[in-house]
Amino acid sequence: MKMISLTIDGISVQVPDGTTILDAAASLGIDVPTFCHDPRLRPDGACRICVVEVEKARSLVTSCSTPVGEGMVVYTDSPSVVEARKEILRLMWANHPYNCLTCEKAGNCKLQDYSYRYGITDEDIQLFAGEKKKHEIDDSNKFYISDQNKCILCGKCVRICGELQCTNAIGRSDRGFTTHITPPFEIKLETSECVSCGNCVSYCPTGALSAKKPVKYREWEVKRVDTTCTYCGVGCQLQLLVKDNRVVGVEPVNGPANEGLLCVKGKFGYNFINHPDRLKTPLIKKDGKFEEASWAEALELVAEKLSETRDKYGPDAVAGLSSARCTNEENYLFQKLMRGAVGTNNVDHCARL
């Protein structure tokens, strides 16, 4: 593989040919700000916040979409770069709501973070003061809200929906000041092709797309617990957001099975965890009533009944039905149990074709 030598902020580095400046900088631990970038998507360069200075280049270049070149000298934080990023932020604030205090994305908003990073002041925000966006908020979807007044038009949601989810439920509508993200023909999300996977919500850098929360919380109030989704056997990785010992939200994790994506069940189907009727221990019927029991007691009873039935009526009097919510490994062990220990081939599965 051909290697390219270049210098970034005075540090020499070698990276494979075809690497972008953004990725080369990241390999050195240099944090270049991004809004529209996602390593799973084709580089787009829409938001421009990642611009850097390259010696002998005619202008600043977008680091997310510009490949490295031999002998290239790059500055990621020069005065011209900093001023360009501040100007981009000023323009974004020109028609952005000022309700950060009550925005659901506070504490997890890139616009907020970068404004703090580059010292955006009230004077900066008022520099391009003018007309504000007045888009109708779309809360028709059962699981999330679309507030296009908070959108910075980075386009990440559109590309995630199209390139990764492959639904193509949303796109840009209108041009100029009134450009906004919407389903085709301005229909509501509820009646669109949207499958409510929530992947656009998970990666929106501002509060334009936000989940409907059963319990209000701030980013710093929740504990994140890594786990595996139990809805099917794919093994999608996710984080449970926990506040006061209650699951209040879910975020995807970039695991090998899901690569940072979830379906509607994994993203939004977590309320059963907190349901008061949820069983927390095994129940065994005694004298006509179910009573709580330990797992050891319950498993011992199951083994006893299985053995008793097999010995009395033969192994084919027993059948086993497995689930697509188990992993392949668990299903393999289940059929081994039925065929080996019980001695029957009566094994079926809820996802059988």
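The values are calculated or read from the model by the stated rules, or taken from the named source; none is laboratory data. Predicted model only: the values in this text are computed from it and were never measured. FYI the Cβ positions are ideal-geometry reconstructions off the backbone, even for glycines, and counts take in every protein chain you see. Surface areas here come from the heavy atoms of the whole protein model, side chains and all, with no ligands, DNA or RNA. Shrake-Rupley method; radii C 1.70, N 1.55, O 1.52, S 1.80 Å.
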Between the stretch 192-257 and the stretch 262-330, the Cα center-to-center distance that results, in Å
27
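Work out, in µm²/s and without decimals, the Stokes-Einstein translational diffusion coefficient of the chain at 25 °C, 0.890 mPa s, Rh from Kirkwood over C-alpha pairs.
It comes out at roughly 101 µm²/s.
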Jot down the radius of gyration and Dmax of the stretch 162-256, Cα atoms only, both in angstrom.
15.8, 46
Determine the alpha carbon to alpha carbon distance for each of 212/267; 110/150; 56/156 and list only those over 20 Å.
56/156
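Checking understanding here: applying a Kyte-Doolittle mean of at least -0.5 and a length along the axis of at least 18 Å (C-alpha), which whole DSSP H helices in the chain pass? Please report the intermediate quantities before stating the final value.
Working: long enough: 79-94 (22 Å, 0.18); 295-313 (27 Å, -0.66).
Correct list, ordered by number: 79-94.
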Let me understand the stretch 283-352 better: what is its radius of gyration from the alpha carbons, and its Dmax, in angstrom?
13.8, 38
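Taking the solvent-accessible surface of protein heavy atoms with a 1.4 Å probe, what is the per residue accessible area of the chain in Å²? Numbers along the way, then the final one.
On the way: 20350 Å² over 353 residues.
Per-residue accessible area for the chain comes out at 58 Å².
Using the Cα centre as the reference, give the magnitude of the dipole from point charges on the C-beta atoms of the stretch 3-77 (Lys, Arg: +1; Asp, Glu: -1; all else neutral), rounded to the nearest 20 debye.
Details: 5 positive and 10 negative charges, 47 e Å.
So the magnitude is around 220 debye.
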Dipole of the chain, positive end: most advanced residue of 204, 335, 6 [Cβ charges, Cα centre]
335
Any idea what Rg and Dmax come out to for the stretch 3-77 if you just take the C-alpha atoms, in Å?
11.2, 31
